[in-house]
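The values are calculated or read from the model by the stated rules, or taken from the named source; none is laboratory data. On a predicted model such as this, the values are computed, not experimentally measured, just so you know. In this analysis, Cβ positions are derived from the backbone assuming ideal geometry, glycine residues included, and neighbour counts consider all displayed protein chains. Ligands, DNA and RNA are stripped out before the accessible areas are found, and what is left, the full protein with its side chains, is counted by its heavy atoms. Shrake-Rupley method; radii C 1.70, N 1.55, O 1.52, S 1.80 Å.
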Amino acid sequence: MILVLLGPPGVGKGTQGGRIAVHYAIPTISTGAIFRAAVAKGDELGRVIQRYKIEQGEYVPDDVVIAAVKARTTEPDCEKGFLLDGFPRTIPQADALNDLLTEQNRKLTGALLFEAPIADIVRRFSGRRVCPLDGSTYHIETQPPLIAGRCDLCQSVLIRRPDDEPEIVQRRLELYNEKTAPLIAYYRERGLLTTVNANLEPETVFSHVITALNSLTRQ
Ligand code: AMP
């Protein structure tokens, strides 16, 4: 299965993606997570990414993002398939994904769109916390860690991502509407779009996701 997760920032793609990945035993490729890890490591990609203001939500140029995804999809754990979270984010990235899959003799299974009202998304951002060490995501109301303020996996102190600050969230939503939302029509026109209501309990959303994916993979 090769799946694109679509939807505005903060809608819960990361959380649902994590569950889908476990359920189907395939890796999640999150371009945002790849970039944050590269910056933290200070490797070659990290030095490139540092030129762009990802902490302020600005998009990294398409060619940089596409090269990173290309490299990641050729790793052995992607043989059975993978989930794409945060990629593609622009039409040229979606075209590049098509070319990449054609080169690899593979096909996109579908694009799963997570939908939620804007007010709900803003509320999600304000409660979102992440582990700076392993990247796992929590929400103080809907998905609290076992011990308040601590990562379940490594006990690190949870933080708010710098780009989750309200004024940066505003900019990220603007960029999403301008550059990424057109991908909804892009995948709908190609008969690849499936929509899921993300404005429910994570458990319920996940069961709807599995139903949707079962019918997608049966097609
Ligand atoms: P995310 O974790 O998906 O919200 O990504 C964090 C940040 O990384 C984004 O706000 C962008 O600055 C950058 N980024 C991640 N994926 C992409 C992409 N596909 N295209 C351009 N920029 C990206």
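Filter the stretch 1-18 down to residues that are under 22 Å from ARG190 (Cα atoms) and either over 9 Å from the mean Cα position of the chain (by Cα) or outside any strand (DSSP E or B) (or both), then give me how many there are.
If we filter the stretch 1-18 for residues that are under 22 Å from ARG190 (Cα atoms), which is where we start, we get 1-8, 13.
Right, trim to either over 9 Å from the mean Cα position of the chain (by Cα) or outside any strand (DSSP E or B) (or both) and you get 1-3, 7-8, 13.
Final tally of qualifying residues: 6.
How many residues, within the stretch 54-83, are of a type in the set (Lys, Arg), open to solvent by 50 Å² or more (accessible area, probe 1.4 Å) and assigned to a helix (DSSP H, G or I)?
Going residue by residue through the stretch 54-83, those that are of a type in the set (Lys, Arg) are 70, 72, 80.
Add one more test, that the residue is open to solvent by 50 Å² or more (accessible area, probe 1.4 Å), and what stays is 70, 80.
Among the residues that remain, those that are also assigned to a helix (DSSP H, G or I) are: 70.
So the count comes out to 1.
Among all residue pairs at least 6 apart or on different chains, which show Cβ distances below 8 Å where the first residue, located in the stretch 156-178, is of a type in the set (A, V, I, L, M, F, W, C) and the second is assigned to a strand (DSSP E or B) and away from the ligand (no atom under 11 Å from the Cβ)?
That search, which allows pairs on different chains as well, returns VAL157/ARG150; LEU158/ARG129; LEU158/TYR138; LEU158/ARG150; ILE159/ARG129.
Kindly indicate the residue of the stretch 51-61 that is more than 7 Å from the ligand (Cβ to nearest atom) and among the charged types (D, E, K, R) and also farthest from GLU165 (Cα to Cα) among those meeting that condition.
ARG51
Between residues in the stretch 67-83 that are within 13 Å of the ligand (Cβ to nearest atom) and residues that are among the aromatic types (Phe, Trp, Tyr), which pairs lie under 6 Å by C-beta distance while being six or more apart or on different chains?
Final answer for the pair search is VAL69/PHE87.
Which members of the stretch 84-117 meet the condition of being hydrophobic (A, V, I, L, M, F, W, C) and either without any contact (Cβ under 8 Å) to a residue 40 or more places away in the chain or within 20 Å of GLY18 (Cα to Cα) (or both)?
If we filter the stretch 84-117 for residues that are hydrophobic (A, V, I, L, M, F, W, C), which is where we start, we get 84, 87, 91, 94, 96-97, 100-101, 108, 111-114, 116.
LEU84, PHE87, ALA96, LEU100, LEU108, ALA111, LEU112, LEU113, PHE114, ALA116 - these are the residues of the stretch 84-117 that are hydrophobic (A, V, I, L, M, F, W, C) and either without any contact (Cβ under 8 Å) to a residue 40 or more places away in the chain or within 20 Å of GLY18 (Cα to Cα) (or both).
Condition test on GLY12, is it in contact with a helix residue (DSSP H, G or I) (Cβ under 9 Å, 6 or more places away or on another chain), at pLDDT 95 or above and either closer than 14 Å to VAL209 by Cα or open to solvent by 30 Å² or more (accessible area, probe 1.4 Å) (or both)? Break it down into steps so the answer makes sense when it comes.
Numbers: in contact with a helix residue (DSSP H, G or I) (Cβ under 9 Å, 6 or more places away or on another chain): yes; at pLDDT 95 or above: no; either closer than 14 Å to VAL209 by Cα or open to solvent by 30 Å² or more (accessible area, probe 1.4 Å) (or both): yes.
No, not satisfied.
Any idea which residue in the stretch 84-95 is farthest from the ligand (Cβ to nearest atom), counting only those that are open to solvent by 40 Å² or more (accessible area, probe 1.4 Å) and out of contact with any Lys or Arg (no Cβ under 9 Å at 6 or more places or on another chain)?
Step one: filter the stretch 84-95 for residues open to solvent by 40 Å² or more (accessible area, probe 1.4 Å), giving 89, 91-92, 95.
Now restrict to residues that are out of contact with any Lys or Arg (no Cβ under 9 Å at 6 or more places or on another chain): 92, 95.
Numbers: PRO92: 10, ASP95: 13 Å.
So, considering only residues that are open to solvent by 40 Å² or more (accessible area, probe 1.4 Å) and out of contact with any Lys or Arg (no Cβ under 9 Å at 6 or more places or on another chain), the one farthest from the ligand (Cβ to nearest atom) is ASP95.
Is at least one residue of the stretch 24-42 open to solvent by 40 Å² or more (accessible area, probe 1.4 Å), within 12 Å of the ligand (Cβ to nearest atom), over 15 Å from the mean Cα position of the chain (by Cα) and among the aromatic types (Phe, Trp, Tyr)?
No, the stretch 24-42 contains no residue that is open to solvent by 40 Å² or more (accessible area, probe 1.4 Å), within 12 Å of the ligand (Cβ to nearest atom), over 15 Å from the mean Cα position of the chain (by Cα) and among the aromatic types (Phe, Trp, Tyr).
Any chance you could count how many residues in the stretch 108-143 are open to solvent by 70 Å² or more (accessible area, probe 1.4 Å) and at pLDDT 95 or above?
Total satisfying the criteria: 1.
So in the stretch 92-151, with the set limited to residues that are part of a strand (DSSP E or B) and polar (S, T, N, Q), which one is nearest to THR28 (Cα to Cα)?
Restricting to residues being part of a strand (DSSP E or B) and polar (S, T, N, Q), the top hit is THR137.
Against the condition open to solvent by less than 10 Å² (accessible area, probe 1.4 Å), free of Cβ contacts under 8 Å to residues at least 12 places away in the same chain and farther than 29 Å from ARG123 by Cα, how does GLY46 come out, does it pass?
Yes, satisfied.
Residues are listed down the side, and each one gets a yes or a no for (1) polar (S, T, N, Q); (2) at pLDDT 95 or above; (3) exposed (fewer than 13 other Cβ atoms within 10 Å of the Cβ):
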position	(1), (2), (3)
CYS151	no, yes, no
ARG161	no, no, no
TYR176	no, yes, no
THR180	yes, yes, no
TYR186	no, yes, no
VAL196	no, yes, no
GLU203	no, no, yes
ASN214	yes, no, yes
